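*Asks:* One structure, as structure tokens, below. Some questions next.
The values are calculated or read from the model by the stated rules, or taken from the named source; none is laboratory data. Treat the numbers as computed from the prediction; the structure is a model and nothing was measured. Because the Cβ atoms are built from the backbone with ideal geometry, glycine has one as well, and the counts that use them run over all protein chains shown. Side chains included, ligands, DNA and RNA excluded: accessible areas come from the protein's heavy atoms. Shrake-Rupley method; radii C 1.70, N 1.55, O 1.52, S 1.80 Å.
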Amino acid sequence: MNSPVRTPKKLHIKTYGCQMNVYDSERMADILRPLGYEMAETSDDADLVVLNTCHIREKASEKVYSEIGRLKEQRGEKEARGGGRMTIAIAGCVAQAEGQEIMNRAPAVDLVVGPQAYHQLPELIARTTRMKGERLAADFAPDAKFDALTAERTVTGPTAFLTVQEGCDKFCTFCVVPYTRGAEWSRPVASILEEAKALAAKGVREVTLLGQNVNAYNGTGGDGQPSTLAKLMYALAEIDGIDRLRYTTSHPNDMGDDLIAAHGGLAALMPYLHLPVQSGSDKILRAMNRKHGRAAYIDLIGRIKAARPDLALSGDFIVGFPGETDKDFDDTLDLVRTVGYASAFTFKYSPRPGTPAASMPNQVPEAVMDDRLQRLNALIVEQQQAFKETLVGQVLPVLFEKRGRYGRQAIGRSPYLQSVFVEDADHLMGQIVPVRITALGNNSLQGALLAPVEA
Ligand code: SAH
Ligand code: SF4
Ligand code: F3S
């Protein structure tokens, strides 16, 4: 049997990339905690440092190598102080895509662990400490991962991520995710419900369901049949304490009718949807292998808004995909004007090794991409501001998450994912309370309680 390890060891995890990496980092900490690892804020004194990496754009993945260089220096200093050894582990999507290359290029790295192999971490660390055996684990076996991730979750507030689906079969021609996260795979309903119940018992009120293509969810339900995401969310909303649900990220082609209907019928589902379209040009959408056109996307948004008129949207856009002309880019601006976004992420196209788009002709010059990005961002900022202005004067249910910096100020979360700063509300942590929005902050809203509220 396992006997508890007595000496506390320090673990530092640095997370890059998407929310799924945030979730995975939390789960890695959960697996390592029974082995005596406690979280450390900084890496300089850590016994184990995990870089949970992202491969999505060149900048993201190149960061890893400079970070490894920095850690190598810290390791030297730590050992010189007599502080013992620092183990350096590389996890995440760069580990999956370039595992062997990392080992060759950065000998300071002790072990490399892909996103589906985190449950092997204790064993890999033990082996590394003994300085022998294999140091690379990068298989695709998500079921084994989730079976083994039974360690208790540590909860830090009333909101939490919960991964329900991993991987992607869509193969957009620009994207590495199908290669780093493998094929689409959904967790069984029962294991998700169990994790959500445990979260609720620890005070979580709002759960964001995660998946690379979360709306392609088709995990096995209690009846042995595949469940849809909508069905799963109705079951989650039954759990005592789970008052708010969100899901991200979705593909337009997987918005089933029952999911659209859930936006109208399921009160717990927040009126905020991240639904990337990438481009407004049919020609570019085809070249991206998105398998949907501009009109289909706009029509889809119309149908979801018919179910939930106060729905606010966010999206992802890529500018400068190979072959994108001024006209194609204008089509993107036009789509943004037609749809109207409360927020959006915008990226310059970054060629990724091994993806079809990287070898397409007519790569767009950097200066052109810069100009387009700037123009798109200006439009998005305008829309974001206009959206926030519509909220001033409204009363919104706010979930209080943490204390503010001043006095009895508290910071909560609006249905539209904005931070809301409210005075005299620090007794309301974990509660959902109506707040009148009074003013706009920089990246936030200010609000006031309608009347003093009892704790
Ligand atoms: N469906 C995924 C998308 C992951 S990538 C999810 O679960 O979030 C997030 C966004 O990064 C994409 O929507 C796309 O807009 C952007 N992106 C992906 N590959 C890119 C590339 N090669 N260059 C620039 N942006 C890219
Ligand atoms: Fe990447 Fe496209 Fe899959 Fe999203 S749907 S993860 S952009 S391949
Ligand atoms: Fe990055 Fe992997 Fe997420 S490439 S965006 S960390 S799925």
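*Asks:* For a quick check: with amide H placed at 1.01 Å from N, whose amide H comes under 5 Å from H274's, ignoring anything fewer than 5 positions away on the same chain?
*Replies:* S314
*Asks:* Let me ask something else about it. If you average the sequence gap of Cα pairs under 8 Å that are 6 or more apart and divide by the length of the range 1-129, what percent do you get for the contact order?
*Replies:* Values: 200 pairs, mean separation 31.0, N = 129.
Once divided by the residue count of the range 1-129, the mean separation gives 24 percent.
*Asks:* Give the lysines whose C-alpha is closer than 19 Å to that of K327, dropping any in the same chain fewer than 8 places away, or say none.
*Replies:* Straight-distance partners of K327: K283, K348.
*Asks:* So for the pair A295, K327, with labels modelled 7 Å out along Cα→Cβ, what separation do we get in nm?
*Replies:* 1.8
*Asks:* Report M20's accessible area, 1.4 Å probe, all protein chains in place, as a number in Å² to the nearest 10.
*Replies:* Probe radius 1.4 Å; accessible area of M20 about 10 Å².
*Asks:* Taking a 30 Å limit on the Cα-Cα distance, which of the listed pairs K231/K388; K14/K78; K291/K388; K170/K202; K14/K402 fall beyond it?
*Replies:* K231/K388; K291/K388; K170/K202
*Asks:* Okay, next question. From the phi of every residue in the range 380-388, what ³J(HN,Hα) in whole Hz does the Karplus formula 6.51 cos²θ - 1.76 cosθ + 1.60 yield, where θ is phi - 60° and glycine or proline is x?
*Replies:* 4, 4, 4, 5, 4, 5, 4, 4, 4
*Asks:* Using a 7 Å offset from the Cα along the Cα-to-Cβ direction at both A358 and E423, what is the distance between the two label points in nm, to one decimal?
*Replies:* With each label placed 7 Å out from Cα toward Cβ, I get 5.5 nm.
*Asks:* How high is the relative contact order of the chain? Use alpha-carbon pairs under 8 Å, at least six apart in sequence, and give a whole percent.
*Replies:* With pairs under 8 Å counted, the relative contact order is 9 percent.
*Asks:* Net charge near D331: determine it from the other residues with C-beta under 11 Å of the C-beta of D331, scoring Lys and Arg +1 and Asp and Glu -1.
*Replies:* Neighbour charge sum, excluding D331 itself: -2.
*Asks:* Starting from the Cα of Q394, move 7 Å in the Cα-to-Cβ direction to define the label point; list residues of the range 405-425 whose amide nitrogen is under 19 Å from there.
*Replies:* From the range 405-425, the list is 412-422.
*Asks:* Note down the net charge around K14, summing +1 for each Lys or Arg and -1 for each Asp or Glu among other residues with Cβ under 14 Å from its Cβ. Intermediate values should be presented prior to the final figure.
*Replies:* Details: positive: K10, K63, R70; negative: D24, E26, E41, D44, E67.
My count for the surroundings of K14 gives -2.
*Asks:* Rounded, prolate or oblate, given the Cα gyration tensor of the range 315-455, with a/c below 1.5 counting as rounded?
*Replies:* On the way: a/c = 3.73, a/b = 2.61, b/c = 1.43.
Judged from the Cα gyration tensor, the range 315-455 comes out prolate (a/c at least 1.5, a/b above b/c).
*Asks:* Another question about this same structure. Using a 1.4 Å probe and ignoring any ligands, DNA or RNA, find the accessible area of I239 and quote it in Å² to the nearest 10.
*Replies:* 20
*Asks:* A follow-up question, please. With a cut-off of at most 10 other beta carbons within 10 Å, and DSSP calling the residue loop, which chymotrypsin sites (Phe, Trp or Tyr not before Pro) in the range 345-429 qualify? Please list them.
*Replies:* Those satisfying the criteria are Y406.
*Asks:* Additional query: I need the calculated FRET efficiency for the pair D310 and D30, taking r as the beta carbon distance and R₀ as 41 Å, to the nearest 0.05. Don't jump to the answer; show the numbers that get you there.
*Replies:* Details: r = 36 Å, r/R0 = 0.89.
According to the calculation, E is roughly 0.65.
*Asks:* Separate question: Can you list residues from other chains, or at least 5 along the same chain, whose modelled amide H is less than 5 Å from the amide H of A344?
*Replies:* The answer is G315.
*Asks:* State the percentage of accessible surface on the range 334-455 attributable to carbon and sulfur atoms; use a 1.4 Å probe and exclude ligands, DNA and RNA.
*Replies:* Values: 3350 of 6400 Å².
Answer for the range 334-455: carbon and sulfur cover 52 percent of the accessible area.
*Asks:* For the chain, which cysteines have no disulfide-compatible partner, meaning no other cysteine Cβ under 4.7 Å?
*Replies:* That list is C18, C54, C93, C168.
*Asks:* With a 1.4 Å probe and every protein chain left in place, work out the accessible area per residue of the chain in Å², rounded to a whole number.
*Replies:* Solvent-accessible surface per residue comes out at 44 Å².
*Asks:* Using a Förster radius of 30 Å, what is the FRET efficiency between R85 and V155 based on their Cβ-Cβ separation? Nearest 0.05, please.
*Replies:* Values: r = 31 Å, r/R0 = 1.04.
For R85 and V155, the calculated efficiency is 0.45.
*Asks:* For the range 167-226, what does the alpha-carbon gyration tensor say about shape, rounded, prolate or oblate, given a ≥ b ≥ c as the root eigenvalues, a/c under 1.5 as rounded, and a/b over b/c as prolate? Spell out each step's value before the answer.
*Replies:* Details: a/c = 3.34, a/b = 1.68, b/c = 1.98.
Because a/c hits 1.5 or more and a/b fails to exceed b/c, the range 167-226 counts as oblate.
*Asks:* Give the relative contact order (percent, whole number) for the range 223-274; include only Cα pairs under 8 Å separated by 6+ residues.
*Replies:* 40
*Asks:* In whole angstrom, and with the biggest value first, how far do the Cα coordinates of the chain range along each principal axis?
*Replies:* Result for the chain: principal-axis Cα extents of 63, 60, 50 Å.
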